[in-house]
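Here the structure is laid out as structure tokens; the discussion comes afterwards.
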Amino acid sequence: MTKITQGFILAAGRGTRMRHLTDDKPKPLVEVNGKSLIDYNIRRLKNAGITNCMINLCYKGALIKEHLASNTELNFQFSEEQEALETGGGIKNALSQMKNAPFVVLNSDALWTEAPNTELIKDMCAAWDEKRFDMLMMFVPLKHAFQHIENGDYNISPEGFPKRRLSPNEKADYLYGGVLITHPKVFDSEPEGRYSLVRIFDKLEKEKRLGVYIHKGGWFHVGTPESVLEAEAYFKLHPLF
């Protein structure tokens, strides 16, 4: 089994739906219960045995570097973008600075709780199997999302393969929770430039090389001022760290 030691935090976007909360700082520095979103991500990676972390930067990226200047939890590298390259393009742009080995990717706005006797990233690393898939995605059952969400992103076939919801009228039982493990080779045929990871998700889905790990705890998508307040109220009563 390949030991995964690299992480990647997607931190380049402004987070426009955060409105006034990101006027003077990037979304990863928005705080929930006294800690910034990126601090939660870093602690999760460290607890899972990750030692090296790439962070892509664009909107007010200097503030993130300043925030992490004295943080010794991980060995940080930064990939600076002149314009935000989105999730797929941002990762592709940084790969030349990373080892050619699988790594964990986190969206900076994903916060979750752990079910008893589980630890999401560590458990996903243990489940990683390069013989079976090139990417392993965290799926969240809709009922485990704290926010009211009308529909999900994916269904799972009886054989265990994911199928992305393509029609607005289609119902989907699972959300993509903003955590995945990927082998860098999935980017070999991808271009430089700006694009979403969704194009890679779809390609691997067709090739049956997209794996699924179902999260057993709760999940927050911290992407709006309202969701920040909701997460704040919960984590004041149930602090993570």
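The values are calculated or read from the model by the stated rules, or taken from the named source; none is laboratory data. Because the structure is predicted, anything quoted here is derived from the model rather than measured. Virtual Cβ from ideal backbone geometry, glycine too; neighbours counted across all protein chains shown.
Observations on the structure shown:
- Meets criteria (among the hydroxyl-bearing types (S, T, Y), surrounded by fewer than 16 Cβ atoms within 10 Å (Cβ to Cβ), modelled with pLDDT under 95 and assigned to a loop (DSSP other than H, G, I, E, B)) for T2: yes
- Close Cβ contacts (under 7 Å, 6 or more residues apart or on different chains) running from residues in the range 210-222 that are in contact (Cβ under 8 Å) with a residue 24 or more places away in the chain and under 25 Å from K131 (Cα atoms) to residues that are part of a strand (DSSP E or B) and among the small types (G, A, S) comprise H215/G177.
- Of the strands (runs of 3 or more DSSP E) lying entirely inside the range 118-183, those carrying at least 3 residues that are buried (at least 17 other Cβ atoms within 10 Å of the Cβ) and touching an Asp or Glu at 6+ places or on another chain (Cβ under 7 Å) are 174-182.
- Pick from the range 47-65, criterion farther than 17 Å from F78 by Cα and of a type outside the set (S, T, N, Q), ranking: surrounded by the most Cβ atoms within 10 Å (Cβ to Cβ): A48
- Single match in G223, G178 (criterion: touching a strand residue (DSSP E or B) at 6+ places or on another chain (Cβ under 8 Å) and under 30 Å from N117 (Cβ atoms)): G178
- Candidates G15, G49: the one that is on the phi > 0 side of the Ramachandran plot and at pLDDT below 95 is G15.
- Among residues of the range 162-207, those that are basic (K, R) and without any contact (Cβ under 8 Å) to a residue 40 or more places away in the chain, counted: 4
- Matching residues in the range 194-228 - criterion: being among the β-branched types (V, I, T), more than 21 Å from D123 (Cα to Cα) and outside any loop (DSSP other than H, G, I, E, B): V198, I200, V228
- Check on G13, in contact (Cβ under 8 Å) with a residue 40 or more places away in the chain, part of a strand (DSSP E or B) and small (G, A, S): no
- Selection of the range 19-30 for residues being touching a residue at least 40 places away in the same chain (Cβ under 8 Å), buried (at least 16 other Cβ atoms within 10 Å of the Cβ) and of a type outside the set (D, E, K, R) yields L21, P28, V30.
- Selection count, the range 76-110, where residues are within 14 Å of the chain's Cα centre (by Cα) and at pLDDT 95 or above: 10
- Contacts under 8 angstrom Cβ, first residue in the range 227-241 being within 16 Å of E114 (Cα to Cα), partner surrounded by 11 or more Cβ atoms within 10 Å (Cβ to Cβ) and basic (K, R), 6 or more apart: L240/R43; F241/K35; F241/R43
- Looking across the range 82-117, the residues that are surrounded by fewer than 22 Cβ atoms within 10 Å (Cβ to Cβ), among the polar types (S, T, N, Q), in contact (Cβ under 8 Å) with a residue 24 or more places away in the chain and over 15 Å from V186 (Cβ atoms) come down to Q82, Q97, T113.
- Being of a type outside the set (A, V, I, L, M), in contact (Cβ under 8 Å) with a residue 12 or more places away in the chain and in contact with a Lys or Arg (Cβ under 7 Å, 6 or more places away or on another chain) holds for only one residue in N75, N52, N71, N33, and it is N33.
- Odd one out for P239 among (1) surrounded by 16 or more Cβ atoms within 10 Å (Cβ to Cβ); (2) part of a loop (DSSP other than H, G, I, E, B); (3) not polar (S, T, N, Q): (1)
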